[in-house]
Every structure is written in C-alpha cells, then in structure tokens.
1. Assuming a viscosity of 0.692 mPa s and a temperature of 37 °C, what translational diffusion coefficient in µm² per second does Stokes-Einstein assign to segment 75-162, Rh being the Kirkwood radius over Cα pairs?
2. Could you work out what % of the accessible surface of the chain is carbon and sulfur, using a 1.4 angstrom probe and leaving DNA, RNA and ligands out of the count?
3. Could you quote the convex hull projected area for segment 124-223, Cα atoms only and averaged over all directions, in nm²?
4. Under the √(5λ) rule applied to the eigenvalues of the Cα gyration tensor, what semi-axes describe the equivalent ellipsoid of segment 71-117? Give them in Å, descending.
5. Calculate one ³J(HN,Hα) per residue across segment 134-148 by plugging θ = phi - 60° into the Karplus curve 6.51 cos²θ - 1.76 cosθ + 1.60, and present them in order as whole Hz with x for glycine and proline.
6. Explain nothing, just the number: relative contact order of the chain, from Cα pairs under 8 Å at least 6 residues apart, as a whole percent.
7. Taking each pair of distinct Cα atoms in segment 44-84 once, what is the resulting Kirkwood hydrodynamic radius in Å?
8. Quick one: pull the percentage of alpha-carbon pairs in segment 36-119 with a separation above 21 Å.
Amino acid sequence: MREGHQGTGPGAITPDGCAVELYSRLPAGAEPDVIAAAVPEGAHILELGSGVGRMTHPLLERGFRVTAVDESAEMLEHVRGTRTICSPIEDLDLGERFDVVLLASFLVHAGDAEVRRGLLRTCVRHVAEGGCVLIQKEGADYHTDLPRERVDPSGFTVRIVSSEPVGDGVNSVRAEYEFPDAVWTQTFRARPMTEEQFEQALEEVGLRVDRRLTEDGTWVSALPVS
C-alpha cells in the first residue's frame, strides 16, 4: 500500500486504496466523450492508470486503439479486447510513442511531488511528435465545502467526506461509495494546485497547456515544449 493510502470494502484493494469490485461497478460518465472530441479519429491512446477499463472499453467501442497500463494485476484482469501492461506508471518506459497519452483520475495531484514528476515524465516519454497529453485535474472546489455527496442515477451514492492537511501542501482525502449491497471507502493523499501551480508542474517536465477541454477546466490538453 502506498503511504497515506488505504481502502476498505469487499474484494481486492490496490496499492492506492482503490477497490477493484467498486471500480468495476462505476459508470464511465462523460469522460470518453471528452476524450473522443479532443483527439483524431482512430488515434492510438496510451491510457495510464486504466484500472478495470472503465474508460478503456468505451474508447475501444469508439474505434480508438488503446494500450492500458495499471499497477494492479487484479484491475487489469477486467480489461478486455486490448493490450494491457502491469507496471507503476512512473516506472514505465515502453520505447514506443503514442498519438495520445491519457492521465486521468486526478493522478496529476499525487501527494508525493516526485511521483507526480514521474507520472508526467512518463507522459512526455511516450507522446509522439504532433501528439498530445490529456490530463484530468481536480475542480477548483474539490477540497472545500465538505462533506458533499452525489447520488448517481444508477443508484449509488458517492461522498467526499473530508480533506485534511497533512503537511507540505498535501491533504488526506476520504471518500465513501455506498451501494444497496456494499460500502467502500478510500483514503488517499492529494496535492491541491492552483492554475499557476499546475502549469508550473507541467513546465518542470517540458509540457505546456494547449487548451482546456471542458468549461470547468478539469480536462486539459498539453503539448511537449518544442
């Protein structure tokens, strides 16, 4: 288990506190549409932190080629119809380049700044000339106005219960997912970033923001600095 991360509930728990069965139940939401609208038709996507394929499968259905990477073998067992690679993202070096590198799930907010740098360096290492890196970041109010909850139309409730400072600009976040037949919790560390701090984090590794893909700014396209 990664430091500061833990999870509870039925089934296998990954090193960052994610429950495999939980993620196999969560809907993809609007993310595949955001990605599809931002990249060329049929692009080859390197999906970093694919989990059980929540976004992988909808992207495959839209005609994209996807290479799915996750550090959890239990997660990858659920991914079907494409190439999978079991590896920590920050250690990945495939010797290949991709049209699109995808870093979703707020991974850019890793509490350990060196891990964040490793994640972003992996993005730079694998993006092709003329390609792009798509990054999902936290909304401006992610760590405030807590606790808050959302009832999903499919019948489960997700709560962000708390976000407490633990030092060095890092917060310990606790989330709960309540289904009619099971409850999961996840505790993880996240580093809130202002827009300026986010752009500086990209610049550190040779990336720059190209454009924002959503009105709330939670999805951005970044390009290598030429």
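The values are calculated or read from the model by the stated rules, or taken from the named source; none is laboratory data. Since we're looking at a predicted model, the values are computed, not measured. Note: ideal-geometry Cβ built from the backbone for every residue, glycine included; neighbour counts use all protein chains shown. Side chains included, ligands, DNA and RNA excluded: accessible areas come from the protein's heavy atoms. Shrake-Rupley method; radii C 1.70, N 1.55, O 1.52, S 1.80 Å.
1. So the translational diffusion coefficient is about 211 µm²/s.
2. Answer for the chain is 47 percent, counting heavy atoms of protein chains only.
3. 8.4 nm²
4. Values: eigenvalues 82, 43, 25 Å².
Taking √(5λ) for each Cα gyration eigenvalue gives 20, 15, 11 Å.
5. Here the 3J(HN,Hα) series is 9, 10, 9, 10, 5, x, 4, 9, 4, 9, 10, 6, 10, x, 9 Hz.
6. That works out to 18 percent.
7. On the way: mean 1/r = 0.1031 Å⁻¹.
This gives a value of 9.7 Å.
8. On the way: 919 of 3486 pairs.
Looking at segment 36-119, the distances longer than 21 Å represent 26 percent of pairs.
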